[in-house]
1. At most 14 other Cβ atoms within 10 Å and a DSSP loop assignment: could you name the GluC sites (Glu not before Pro) in segment 159-247 that fit?
2. What's the extension gain from E86 to R268 if we count 0.36 nm per residue and subtract their Cα-Cα distance?
3. Give or take rounding to whole Å, what are the principal axis extents of the alpha carbon atoms in the chain, in descending order?
4. Counting only other residues whose beta carbon sits under 12 Å from that of L181, what net charge do I get with K and R as +1, D and E as -1?
5. Compute the angle between helix 257-268 and the longest alpha-carbon principal axis of the chain, please, reported from 0 to 90 degrees and rounded to the nearest 10.
6. Using a ≥ b ≥ c from the Cα gyration tensor of segment 66-171 (square roots of the eigenvalues), is it rounded, prolate or oblate, where a/c under 1.5 gives rounded and otherwise the larger of a/b and b/c decides, a/b for prolate?
7. Report the calculated FRET efficiency for Q224 and T279 (r = Cβ-Cβ distance, R0 = 41 Å), to the nearest 0.05.
8. Give me the distance between the Cα centres of segment 157-192 and segment 227-284, rounded to whole Å.
Amino acid sequence: MAQRQTLLPHEKDLGGGFRVRRLLPAAARQAVGPFLFFDHFGPVEAGPDDNHDVRPHPHIGLATVTYLFEGAMMHRDSTGAVQRIEPGAINWMTAGRGIVHSERTPDDLRGRPRRSHGLQLWAALPVADEEIAPSFAHTPAAAIPVHQAPGATVRVLVGEAFGLLSPVQTRSPTLYLDIQLAPGASLALPPAPERALYGVDAPYALDGTAQPAQQMVVLQADEQPLLSAPQGARVALIGGAPLGHRHIVWNFVASRRERLLQAQDDWRAQRFPAVPGETEFIPLP
């Protein structure tokens, strides 16, 4: 078997000391399946006076996928959607031809200590769908199907695995699992055209070979490794059908470079739709 590709995180400061570990895109690999952006933030302790709000900013040509382990954020976007995001829910925002959104601390959590921990991913859209109308879909935690095996709990966040189908609607074949293993437990991983694993909180093992936490391991297409965790671990699996190369500039994704230039010009001139109730925005870098 060929050696598995390993992607190391690089840290980004999103402002106010709010740092994330970014695994995708990487110099060695842009995407896994449709996913071309993978950020892991936290666990971070915020003080009463800390401001980690993300002001309104635009996207095109992608879908954002937000999943929390701890904490809460308030999502608002230019479609008029207002949604409190809490642990266990999947929030899928399709940018299409253009959307603007903000992510802020809910009012009831301001002015007091709080924790935040989660994953935010971007999924590319098929070329034919890059200019579709923007939309936002919230799937509550209770609606996510759960597979139980000895010592293992698998939440099928997106796609189909272990005979369970997530209600989250996607534009292309996509797989996203939240796997929790008790100490000593193991799990055979489901197939997908492309797959990668990320240890969220602890080391784990593949076919008995130790894998460090907070690194991404890209699996071979035809392998079916056994996932195990001698000390217990939480592991995210992402994957699906690849959609080909995309051009990425700032928050914009497109199959054509010209489209990125247009999006930058549109944001600079404030031609994107506004988020109701918002007056701030993040300028084009």
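1. Sites meeting the loop and neighbour criteria: E223.
2. Working it through step by step, the gained length comes to 62.3 nm.
3. So the extents along the principal axes, rounded to whole Å, are 54, 45, 33.
4. Numbers: positive: R234; negative: D178, D201.
Charge balance in the 12 Å sphere: -1.
5. Helix 257-268 and the main axis of the chain meet at about 50 degrees.
6. Numbers: a/c = 2.44, a/b = 1.04, b/c = 2.34.
Oblate is the answer for segment 66-171, as a/c is 1.5 or above yet b/c matches or exceeds a/b.
7. Efficiency at R0 = 41 Å is approximately 0.20.
8. Computed from Cα coordinates, the inter-centre distance equals 23 Å.
Each reported figure results from applying straightforward, stated rules to the coordinates on display, with no laboratory input. Fair warning: this is a prediction, and the values are worked out from it, not measured in the lab. Positions of Cβ are backbone-derived with ideal geometry, glycine not excepted, and every protein chain shown enters the neighbour counts.
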